[in-house]
1. By how many nm would the segment from A73 to K175 lengthen if fully extended, with 0.36 nm per residue of separation less the alpha-carbon distance?
2. Show me the ranking of peptides 21-27, 71-77 by mean Cβ neighbours inside 10 Å, starting with the highest.
3. Which parts of region 156-178 would a label at E104 reach, counting a residue when its backbone N lies under 17 Å from a point 7 Å out along Cα-to-Cβ?
4. Please compute the modelled spin-label separation between D42 and R66, points set 7 Å along Cα→Cβ, answer in nm with one decimal.
5. P(r) of region 85-135 in 10 Å steps, Cα pairs, percent per bin?
6. Can you list the equivalent-ellipsoid semi-axes of region 73-181, largest first and in whole Å, using the square root of 5 times each Cα gyration tensor eigenvalue?
7. If you take every DSSP beta bridge whose two residues both sit in the chain, what share of them, in percent to the nearest 5, is antiparallel?
8. Return the Cα extents of region 27-105 along principal axes one, two and three, sorted largest first, each rounded to a whole Å.
Amino acid sequence: MIVNNRHDGAAPHRENVVGIVLAAGFSHRFGPQDKRLAPLPDGQLLLASIVSQASKAFTQLRVVLRSDDETAALGLPHATPVLRVHNAEAGLGASLAEAIGLLEKDDALRQVNAAAILLGDMPSIRLETFHMLQRQAGQSRIVRPSHAGRPGHPVIIGRDFWPELRALQGDEGGKSVIQRHRDRYHEILVDDAGIHVDIDLLEDLLKPRMPFP
């Protein structure tokens with residue numbers, strides 16, 4: 001494990017990192033309800049809560065949705081910047097690959113040198129964690145938070161590695177990219193148990209000790 005809190009090669013401004021919320025999956029383990037519309041203990045809808053928190057952290061943000069999704073139906077503001085993918089049924093890796101391809105064609109993101117990959121079912125990550133990771137991000141770096149000896153999410157992947165993300169298939173995540181570039185991989189210690197908290201099953205919503213922000 002590499003634990004690194006240095007600022008060498010790190011992005012100096014938040015504008016250099018785009019946040020990508022992956023929310024095109026079908027989450028069959030959750031049950032018949034659309035997990036993205038699941039209500040949290042504070043009354044907010046799951047995806048809307050995550051997008052709201054992410055919009056405070058990232059000056060550039062994109063939400064990855066299915067081609068037929070409507071933002072209003074998901075509780076998102078009409079102006080939410082969306083990347084629409086057509087291969088969501090193939091798995092998370094396929095969605096991420098398609099989303100990265102769209103990012104690379106976006107002229108508004110030409111100056112961005114890293115992408116923060118946020119999962120659309122992790123509503124408990126603290127704002128300061130996002131900011132800490134962004135300060136460590138860079139074009140040739142892969143940055144990931146660690147808490148209590150375990151790595152978590154989000155993972156920020158420098159633009160140098162985006163072509164490898166575009167090659168992902170099926171449910172394959174970014175783990176293979178990390179394994180190929182251990183010399184560029186940096187785990188950042190954070191005091192945030194929320195980097196491990198996801199909503200996978202319906203009963204996860206009922207856990208009383210979930211550290212919602």
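1. Between A73 and K175, full extension yields 33.5 nm more.
2. My ranking of the peptides, most packed first, is 21-27, 71-77.
3. 157-170, 174, 177-178
4. In this crude spin-label approximation the distance works out to 2.8 nm.
5. 19, 41, 37, 3
6. One finds semi-axes of 21, 18, 16 Å for region 73-181.
7. Approximately 30 percent, going by the DSSP bridge assignments.
8. Dimensions of region 27-105 along the principal axes of its Cα atoms: 37, 31, 19 Å.
The values are calculated or read from the model by the stated rules, or taken from the named source; none is laboratory data. Predicted, not measured: the structure shown is a model, and the values here were computed from it. Neighbour counts run over all protein chains shown; Cβ positions are idealised from the backbone, glycine included. Areas reflect the complete protein model, heavy atoms only, side chains present, ligands, DNA and RNA absent. Shrake-Rupley method; radii C 1.70, N 1.55, O 1.52, S 1.80 Å.
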